[in-house]
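As structure tokens, the structure follows; a few thoughts come after it.
The values are calculated or read from the model by the stated rules, or taken from the named source; none is laboratory data. None of the values given here were measured: they were computed from a predicted structure. For neighbour counting, all protein chains shown are included, and Cβ atoms are generated from backbone atoms with ideal geometry for every residue, glycine included.
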Amino acid sequence: MYDYAVIGGGIVGLSTAWQLRQRQPGKSIVVLEKEGHLAAHQTGHNSGVIHAGIYYEPGSLKAKLCRRGVQSTLRFCKDNDIHFEQCGKLIVATTRQEHERMLELHQRALENGIDVELLDEAQLRITEPNITGIGAILSGTTGIVDFAAVARTMAARFVDLGGEILTGTEVLDLVESRDCVTITTTAGNTLEAGCLIACAGLMADRVAQLMDIDIDFRIVPYRGEYYRLPEAQAGIVRHLIYPVPEPGLPFLGVHLTRMIDGSVTVGPNAVQGWKREGYGRLNFSVKDVWDMLSFPGFWRVTADNLAVGLAEYRNSLWKPGYLKRVQKYCPSVQLADLQPHPAGIRAQAVMRDGTLIHDFLFAETSRSLHVCNAPSPAATSAIPIGEHICDTILDKFRHD
Ligand SMILES: Cc1cc2nc3c(=O)[nH]c(=O)nc-3n(C[C@H](O)[C@H](O)[C@H](O)COP(=O)(O)OP(=O)(O)OC[C@H]3O[C@@H](n4cnc5c(N)ncnc54)[C@H](O)[C@@H]3O)c2cc1C
């Protein structure tokens with residue numbers, strides 16, 4: 001019997017396992033990952049931005065853990081020779097209305113204790129000659145990194161400390177008893193663990209349901225489609241360039257992102273996904289779609305955001321529409337510059353009444369802890385999220 005089993009070889013599961021092993025060196029810990037390699041889903045398909053923590057509701061877990069996450073991610077990268085860059089970011093307003101929202105966002109950043117600066121039109125032009133806008137927020141601490149490399153390094157440190165990782169091992173069933181959790185996997189094996197920690201990303205709701213937890217949310221997949229600029233355009237911006245986000249939505253809008261490999265991506269948008277872990281535009285899963293359509297929250301969130309959703313869909317299918325979104329602040333990007341780049345799929349928890357859950361969300365039973373909602377900036381925040389999980393678990397089992 002293992003002392004701890006962690007489901008999920010993404011950055012949240014690996015950060016948790018690695019920190020738990022440091023804090024409980026004498027205990028046996030196993031990570032169970034269904035894919036043949038680590039970081040196969042959200043952790044390996046994202047923008048690679050170390051977010052500073054500007055956007056999040058002051059006092060929320062996101063605000064607290066993201067702010068701490070920046071420091072711990074940078075420290076982890078330095079300690080482990082992982083290449084990162086603090087290139088900074090601009091949030092650019094292009095209309096009077098956006099400018100007002102930008103000022104509100106600036107206020108929120110200050111409340112969150114983030115070091116930001118306001119730029120006027122002239123300062124913006126000097127800072128980024130290819131960017132057009134009437135003002136911007138400059139965040140100098142925002143950075144870039146390859147989160148899959150961070151996750152793989154966490155896995156290596158965990159294994160160095162004696163932890164065990166089983167890839168190609170899907171968890172199919174979970175039964176909790178007074179003394180342990182019995183875990184049935186694809187390999188036909190049955191494992192037992194004194195405590196289970198589930199960090200299953202796009203499958204978070206299904207894994208929670210395996211334990212009969214009465215959850216009031218479902219994971220709804222939102223595709224994030226990217227393009228990549230040609231190599232010759234890689235110097236088009238010095239910072240990351242973001243629009244002012246739509247109010248009420250957890251997505252940040254199509255941005256220009258300098259990637260750590262030297263390329264620049266455009267995106268991601270946010271369109272309805274029809275397969276939780278299918279990255280092709282035509283990927284479709286009957287099970288995933290049925291689960292979505294039979295959940296009232298899906299219909300409510302779709303109805304509440306119908307205009308935005310349809311516009312996203314149109315721009316996904318019609319490249320000139322997508323281009324307009326980036327030309328708004330970077331007019332020199334042309335249609336031919338939008339080259340293919342792999343999409344990502346966000347795991348977004350939606351409540352039965354259609355509310356999008358913005359904050360990180362956890363659920364517990366007496367022998368388990370489930371990460372139910374860990375959307376962006378959970379890659380940036382993975383180390384403090386892991387620390388938070390370890391604190392909760394160790395507190396729970398301190399009498400065992
Ligand atoms: C398009 C996009 C852009 C983003 N940009 C950023 C960004 O710039 N900065 C940032 O901080 N965050 C960003 N994020 C968010 C970030 O990538 C995620 O929040 C983070 O990777 C979540 O990590 P995770 O470990 O919870 O999930 P995942 O990486 O999805 O890992 C979950 C793992 O669980 C495994 N699993 C699921 N079910 C089972 C099972 N039954 N048995 C065994 N294994 C199972 C899966 O195979 C998977 O490997 C972005 C996300 C997307 C999609």
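Is it true that some residue in region 41-48 is under 24 Å from Leu161 (Cα atoms) and without any contact (Cβ under 8 Å) to a residue 24 or more places away in the chain?
For region 41-48, residues under 24 Å from Leu161 (Cα atoms) and without any contact (Cβ under 8 Å) to a residue 24 or more places away in the chain: absent.
If the requirement is being more than 21 Å from the chain's Cα centre (by Cα), at pLDDT below 95, closer than 19 Å to Pro268 by Cα and assigned to a helix (DSSP H, G or I), which of these qualifies: Ala336, Ala307? Talk me through it step by step, then tell me what you get.
Details: Ala336 fails: at pLDDT below 95.
Matching residue, one of Ala336, Ala307: Ala307.
Right, Lys27: farther than 22 Å from Asp115 by Cα and away from the ligand (no atom under 11 Å from the Cβ) or not?
On the way: farther than 22 Å from Asp115 by Cα: yes; away from the ligand (no atom under 11 Å from the Cβ): yes.
In short, yes.
Across region 141-170, which residue is farthest from the ligand (Cβ to nearest atom) among those that are within 17 Å of Val12 (Cα to Cα) and in a strand (DSSP E or B)?
Among them, the one singled out is Glu164.
Inside region 303-316, can you point out the residues that are touching a residue at least 40 places away in the same chain (Cβ under 8 Å) and in contact with a helix residue (DSSP H, G or I) (Cβ under 8 Å, 6 or more places away or on another chain)? Break it down stepwise before answering.
Here is the first cut: in region 303-316, the ones touching a residue at least 40 places away in the same chain (Cβ under 8 Å) are 303-305, 308, 312-313, 315-316.
Listed by number, the residues that qualify are Asn315, Ser316.
Quick test for you: out of Lys34, Lys62, pick the one residue that is buried (at least 19 other Cβ atoms within 10 Å of the Cβ), assigned to a loop (DSSP other than H, G, I, E, B), among the charged types (D, E, K, R) and within 13 Å of the ligand (Cβ to nearest atom). Outline the logic, then answer.
Values: Lys62 fails: assigned to a loop (DSSP other than H, G, I, E, B).
Testing whether each residue is buried (at least 19 other Cβ atoms within 10 Å of the Cβ), assigned to a loop (DSSP other than H, G, I, E, B), among the charged types (D, E, K, R) and within 13 Å of the ligand (Cβ to nearest atom) leaves just Lys34.
What strands (runs of 3 or more DSSP E) completely inside region 179-257 contain at least 2 residues that are crowded, with 19+ Cβ neighbours inside 10 Å and within 26 Å of the chain's Cα centre (by Cα)? Break it down into steps so the answer makes sense when it comes.
Values: elements: 181-185, 190-198, 217-228, 240-243.
Qualifying strands (runs of 3 or more DSSP E): 190-198, 217-228, 240-243.
Consider only pairs whose beta carbons are under 7 Å apart and that are at least six residues apart or on different chains; among these, list those whose first residue lies in region 338-355 and is over 20 Å from Ala379 (Cα atoms) and without any contact (Cβ under 8 Å) to a residue 60 or more places away in the chain and whose second residue is basic (Lys, Arg) and away from the ligand (no atom under 12 Å from the Cβ).
That search, which allows pairs on different chains as well, returns Asp353/Arg300; Gly354/Arg300.
For Ile260, state whether it is within 26 Å of Asp359 (Cα to Cα) and among the β-branched types (Val, Ile, Thr).
Details: within 26 Å of Asp359 (Cα to Cα): no; among the β-branched types (Val, Ile, Thr): yes.
Against the criterion (within 26 Å of Asp359 (Cα to Cα) and among the β-branched types (Val, Ile, Thr)), Ile260 does not qualify.
Being in a loop (DSSP other than H, G, I, E, B), in contact (Cβ under 8 Å) with a residue 40 or more places away in the chain and surrounded by fewer than 21 Cβ atoms within 10 Å (Cβ to Cβ) is the filter here; which residues of region 368-400 pass it?
Here is the first cut: in region 368-400, the ones in a loop (DSSP other than H, G, I, E, B) are 374-381, 397-400.
Add one more test, that the residue is in contact (Cβ under 8 Å) with a residue 40 or more places away in the chain, and what stays is 374-381, 397, 400.
Correct list: Phe397, Asp400.
Could you tell me which residue of region 41-55 is farthest from the ligand (Cβ to nearest atom), considering only residues that are among the hydroxyl-bearing types (Ser, Thr, Tyr) and not in a helix (DSSP H, G or I)?
In the first step, residues of region 41-55 are kept if they are among the hydroxyl-bearing types (Ser, Thr, Tyr); the result is 43, 47, 55.
Now restrict to residues that are not in a helix (DSSP H, G or I): 47, 55.
Details: Ser47: 3, Tyr55: 12 Å.
The extreme case among them is Tyr55.
Condition first: out of contact with any strand residue (DSSP E or B) (no Cβ under 9 Å at 6 or more places or on another chain), closer than 17 Å to Ala148 by Cα and not aliphatic (A, V, I, L, M). Now tell me which residues in region 335-383 satisfy that.
Ser381 - this is the single residue of region 335-383 that is out of contact with any strand residue (DSSP E or B) (no Cβ under 9 Å at 6 or more places or on another chain), closer than 17 Å to Ala148 by Cα and not aliphatic (A, V, I, L, M).
Could you grab me the full set of residues in region 1-18 that are assigned to a strand (DSSP E or B) and either within 10 Å of Leu38 (Cα to Cα) or near the ligand (Cβ under 8 Å from one of its atoms) (or both)?
Of the residues in region 1-18, the ones assigned to a strand (DSSP E or B) are 2-7.
Hit for region 1-18 is Ile7, nothing else.
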